[in-house]
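The values are calculated or read from the model by the stated rules, or taken from the named source; none is laboratory data. What you are looking at is a predicted structure, and each value in this text was computed from that prediction instead of being measured. Don't worry about glycine lacking a Cβ; one is built from the backbone with ideal geometry, like all the others, and counts go over all protein chains shown. Quick note on the areas: whole protein, heavy atoms, side chains included, nothing else; ligands and nucleic acids left out. Shrake-Rupley method; radii C 1.70, N 1.55, O 1.52, S 1.80 Å.
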Amino acid sequence: MSPELLSVLERFDFSACMVCGSCANGCPVTGTPGMAGWDTRKVMRMLANGLVDEVVASDFPWLCTGCGRCAGVCPAGIDIPSVMGHMKSLRPREAVPGSLHKGMANNLATGNNLAISREEYLEGMRDLGADLAEECPGFYVPVDRAGADILFFPNSKEVYGDFEDQFWWWKIFYAARENWTVPSEGWEAVDWALFTGNYDANRELARRKIRYMQDHSIGTMIMPDCGGGSYGCRKGMSALVAENPSDCVGFVYLYDYLLQLLRSGRIRVDKSVHQGKRFTYHDSCKHGRELAAHYGRGFFDEPREIVAACVDDFVEMTPTREKNFCCGAGGGMWPMPFEQQSAWHARYKYQQIKDSGADVVVVGCSNCRDQIMRRIPKFYPDCTYEVKYIWQLVAEALVIEPWEAERIATAQAEAREQWERLGMEPQEE
């Protein structure tokens, strides 16, 4: 074992492990088909006895979603998700499962996981913005706006395919009359470097966001929604700020941002839009339990206050909040080639939703949404629920005040100037 690796493992103090099995009992990976004999307790003992190569060569670290339930019940306080993340970092990059490493490399090279060209991205922003302007006169997607109050990062899967899912946030910005922007380059929200244990790439992606904010005099960044996006960005930014405090920039989590808009009256919602359905909320691991464990504050009450502002009929899942089960898509499990294993992990989430009797599951993470909306029904076909983003819930209930004619004209002129500056033909109004 190299001195560097020994130094890393010593930080976790495996000698404190009591071999009690709490980690394995709380971990949904336990019992995964094809992984007979493997569980978290066994992996901890293997590492304590120096069997690092055997752990790195196994699938176990990749089946770990980093949900943190193990660490939450560990009497020795061992940060097991970070251990698993480091095991991922030791895997040769060409042996990283599925598309994760390729997507991360694409992000470094092109600014997004899917290597979408700048021209294609800008065309999408222009054309989709024009589509929304039919409903919201004067709307356009502001790109590289210097001095914007809010910086927003799109998710490449929405830019590539789920186009109109972008409308939810855009309507909120429109209703709030927000001074916001998106980048023309380096716009990817998702950080697959976190999922692959690539520390250098994680820092580089965070560095790019910081530099963009500084170069464009941006006030605040909305942390990207998914666990990899928000938690990965926070992790990379924290490492950079520890080295250079001048890299500290303003950021806000989506829950705090939406609450600010609702509490201040900048946006108004009409609950009647959602009448006749029962809603529940899924606590994302990285937005809740893991954020609380590593940064001192997780989001539990805030999303519930947002949902309560939009609906009348709400029911909790059991267990919930800090004790909630992962959906099964964390840690990169959604794009990885372990669909059967991910579905096994999701068995608890399926049962939780079914037992709640909810018609709609509200989520704050794109990976959670895809898993609960697409993968769980594929393997558990009696699912009858809908899935909505929490910002979708807000956007659907928005009471949008019409913009004044002068504001619309100003925005249309700004849009023409922007697209010409970016080398794009503006759409006809």
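Tabulated values for the structure
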quantity	calculated
Dipole magnitude of region 1-130, debye to nearest 20 (Cβ charges: Lys/Arg +1, Asp/Glu -1, about Cα centre)	240 debye
Restricting region 125-184 to GluC sites (Glu not before Pro) in coil, as DSSP defines it, with at most 10 other Cβ within 10 Å	E134
Dipole magnitude (debye, nearest 20) for the chain, charges at Cβ of Lys, Arg, Asp, Glu	1660 debye
Two-site FRET efficiency, E305 against D355, from Cβ-Cβ distance with R₀ of 22 Å, rounded to 0.05	0.40
Whole-Hz ³J(HN,Hα) from phi, Karplus 6.51 cos²θ - 1.76 cosθ + 1.60, for region 304-310, glycine and proline x	5, 5, 5, 4, 4, 6, 10
Heavy-atom SASA rank of C326, C74, C20 (probe 1.4 Å, accessible area, largest first)	C20, C74, C326
For the chain, calculated [θ]222 nm from helices alone, where every DSSP H run of n ≥ 4 adds -39500 (n - 2.57)	-13500 deg cm²/dmol
On Cα atoms only, tilt of 100-110 relative to the major axis of the chain in degrees	40 degrees
Cα pair count fraction exceeding 18 Å, expressed as % - region 238-387	62 percent
Sequence of F152, F173, F379 from largest to smallest accessible area, 1.4 Å probe	F379, F152, F173
Difference of contour (0.36 nm per residue) and Cα-Cα distance, C248 to L422	59.7 nm
FRET efficiency, 1/(1 + (r/R0)^6) with R0 51 Å, evaluated for R207 and D382 via beta carbons	0.65
Spacing of the two label points (7 Å from each Cα toward its C-beta) at C20 and E54, in nm	2.5 nm
Mean-position separation - Cα centroids, region 251-305 and region 113-132, in angstrom	28 Å
Contour minus Cα-Cα distance for E396 and F163 (0.36 nm per residue)	82.2 nm
Cα gyration tensor shape of region 112-172, rounded if a/c is under 1.5, else prolate or oblate by comparing a/b with b/c	oblate
Mean-position separation - Cα centroids, region 1-68 and region 155-211, in angstrom	32 Å
Percent accessible area from carbon and sulfur atoms, the chain, protein chains only, probe 1.4 Å	49 percent
Nearest-10 value in Å² for the accessible area of E404, using the 1.4 Å probe	100 Å²
By accessible area with a 1.4 Å probe, ligands and nucleic acids excluded, highest first: order of C64, C226	C64, C226
Residue-normalised accessible area of region 1-57, expressed per residue, 1.4 Å probe, Å²	54 Å²
Candidate lysines for bridging to K388, where Cα separation is under 30 Å - those fewer than 8 sequence places away on the same chain excluded	K102, K157, K171, K209, K235, K271, K277, K286, K323, K349, K354, K378
Gyration tensor verdict on region 192-325 (Cα atoms; rounded if a/c is under 1.5, prolate if a/b is larger than b/c, oblate otherwise)	oblate
Amide hydrogen neighbours beyond the local backbone of V269, cut-off 5 Å, H modeled	V399
For W38, solvent-accessible area (1.4 Å; no DNA, RNA or ligand), Å²	50 Å²
Selection from G50, W38, A76 lying farthest towards where the dipole of region 31-86 points positive, charges on Cβ	A76
Most mobile of R145, R263, R321 in a GNM of the chain (Cα contacts under 10 Å)	R263
For L108, solvent-accessible area (1.4 Å; no DNA, RNA or ligand), Å²	60 Å²
